[in-house]
Amino acid sequence: MERFDVDEVFTRDELKSGESLSRMLGKQQSDVMVIEDRVDLSVFDKPIVKEQQKPKIGFSWARKAIEACRVVKDDHEIAMIRHANAVSSYAHEQVLASVKQAKNERELNAVFVMHCHANGCREQAYGCICASGTNASTLHYVHNDMPLTGRLNLLLDAGCEWQCYCSDITRTFPLHGKFTKESREIYELVLLMQSSCMKMIRAGVLWEDVHMKAHTVAAEGLRQLGIFHSHLNTQDILDSHITTRFFPHGLGHYLGMDTHDTGGNANYEDPNPFFAYLRVRGTLPGGAVITNEPGIYFRQFPLEQELKDGMWKGVIDEEVLKRYWDVGGVRIEDDILVKEGGYENLTTVKSDVDFIEAAVVGSG
């Protein structure tokens, strides 16, 4: 009770017995705010409840109020998320240290979960994504059971819970210790997308602007690599919306008791393809925790079909694109505490190329 700052709790059995219900209703009458379909209100129809005792029950604003309150974290909540990040960051480091020994995605998945469990975090915040090679082009890959032979990279999106609070971290690394030329180019582009967005994060920033910064950096970077034709300028590329084929998700989401936490005010009916999958809309408040997780993905089946239909003629250089299919996908994700005038990165595992390559080379 003290830990969760709750004044009084009744079990469903106690309420059904009538004794606790009668005692509760004997106090000063209060409005009861509930989330529809989450509470059994039939207890108030018991004969023991007099008509004048029946509370006023409101459905309209409880969910919205709770969701809004959950966006801004207090010091206790931030401490819980910070600890979950510390354990998850350590587990990610242990995965990097185990790469040479692994022959299958499931082994690296198991390494992550084991180190979380060994450090007191028995629950995962979500199902781990452990995607090697072209599997990493599937955003929510679930199999985690493919051999690593012949694959270039592995994308590990995994985070544990601590005291019901989540972490959510993604690292992408070369399975053979060194990135190939194409893999390194895409990895460094995603790093630039993330760092460019990171500089913008502060209380009051419009999240749509931060998200579009990631697309702008992606547009220019893919043009410089030759995947987009060089005669196009950055605005031409953005106007075509082609970057949504390579970066098809929102830049981030609120983090808290849920991995995709409440209060984001998403609009999945937005006709603008840049924003249709954006989980957070509007300005960021100080005290919110949000993920910064740009990515570049080479989803061969849909892109090849669109190219066959002539959809991106004059935009994509198909011969250059072919060199990048085996990269699969690269995502880098950190958990960010929004502050007045800036931010704090709660994720401690490093993501620079030198660290990632050295960690894998030294594994085993």
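Over the Cα atoms of the stretch 58-156, Rg to Rh with Kirkwood Rh, two decimal places?
Rounded to two decimals, Rg over Rh is 1.12.
So what are the ³J(HN,Hα) numbers for the stretch 188-197, from phi and the Karplus equation (6.51, -1.76, 1.60; θ = phi - 60°), rounded to whole Hz, Gly and Pro as x?
5, 5, 5, 4, 5, 4, 5, 5, 5, 6
Tell me, how many Å apart are the Cα centres for the stretch 298-364 and for the stretch 215-278?
Measuring centre to centre over Cα atoms gives 13 Å.
Can you list the HN-Hα couplings for the stretch 280-296, worked out from phi with the Karplus curve (6.51, -1.76, 1.60; θ = phi - 60°), rounded to whole Hz and with x for Gly and Pro?
These are the phi-based 3J(HN,Hα) values: 10, 10, x, 7, 8, x, x, x, 7, 10, 9, 8, 10, 9, x, x, 10 Hz.
Mind checking the stretch 189-294 for trypsin sites (Lys or Arg not before Pro) that DSSP puts in a loop (not H, G, I, E or B) and that have at most 13 other Cβ atoms within 10 Å? Don't skip to the end; give the middle numbers.
Values: sites: 199, 202, 213, 223, 245, 279, 281; in loops: 199, 202, 279, 281.
Listed in order of number, the matching sites are 199.
Taking a Cβ-Cβ separation under 4.7 Å as the criterion for a possible partner, which cysteines of the chain have none?
Among the cysteines of the chain, those whose Cβ sits 4.7 Å or more from every other are 69, 128, 130, 164, 166, 197.
Using the charge dipole of the chain (Lys, Arg: +1 at Cβ; Asp, Glu: -1 at Cβ; taken about the Cα centre), state which of 229, 96, 262 has its Cα farthest towards the positive end.
Value: 96.
Give me the Debye-computed log₁₀ of I(q)/I(0) at q = 0.08, 0.11, 0.12, 0.15 Å⁻¹ for the stretch 76-361, equal point scatterers on Cα only, no solvent, two decimals.
-0.32, -0.61, -0.73, -1.15
Using helices alone, I'd like the mean residue ellipticity at 222 nm for the chain: each DSSP H run of four-plus residues gives -39500 (n - 2.57), total over residue count, nearest 500.
The helix contribution divided over the chain gives -10500 deg cm²/dmol.
Bin by bin, in steps of 5 Å, what percent of the Cα pairs in the stretch 222-364 do you find, going until the bin that has the longest distance?
Distribution as computed: 2, 8, 14, 16, 16, 15, 14, 10, 5, 1 percent.
With viscosity set to 0.692 mPa s and temperature to 37 °C, compute the Stokes-Einstein D of the stretch 164-235, Rh being the Kirkwood radius across alpha carbon pairs; µm²/s, no decimals. All intermediate terms of the calculation are to be shown ahead of the outcome.
On the way: Rh = 14.2 Å.
In µm²/s, the coefficient rounds to 231.
Taking the Cα centre as origin and putting +1 on Lys and Arg beta-carbons and -1 on Asp and Glu beta-carbons, what dipole magnitude results for the chain, to the nearest 20 debye?
Roughly 240 debye, rounded to the nearest 20.
For the stretch 170-186, in order, what is each residue's ³J(HN,Hα) by Karplus, 6.51 cos²θ - 1.76 cosθ + 1.60 with θ = phi - 60°, in whole Hz (x at glycine and Pro)?
With the stated coefficients, the stretch 170-186 comes to 10, 10, 10, 9, x, 6, 10, x, 10, 5, 5, 3, 5, 5, 5, 4, 6 Hz.
Using Stokes-Einstein with the Kirkwood hydrodynamic radius over Cα pairs, what translational diffusion coefficient do you get for the stretch 199-260 at 20 °C and a viscosity of 1.002 mPa s, in µm²/s rounded to a whole number?
D = 165 µm²/s.
Out of residues 5 or more away from residue 342 or on other chains, whose amide H comes under 5 Å of its own, with H placed 1.01 Å from N in the peptide plane?
Under 5 Å from the amide H of residue 342 lie the amide H atoms of 203, each far enough along the sequence or on another chain.
Given H placed 1.01 Å from N in the peptide plane, which residues other than close sequence neighbours of residue 253 have an amide H under 5 Å from its amide H?
291
Bear in mind that the values in this text are calculations on the coordinates, not laboratory data. Because the structure is a prediction, the values reported are computed rather than measured. All Cβ positions, even for glycine, are placed from backbone atoms using ideal geometry, and neighbour counts span all protein chains on display.
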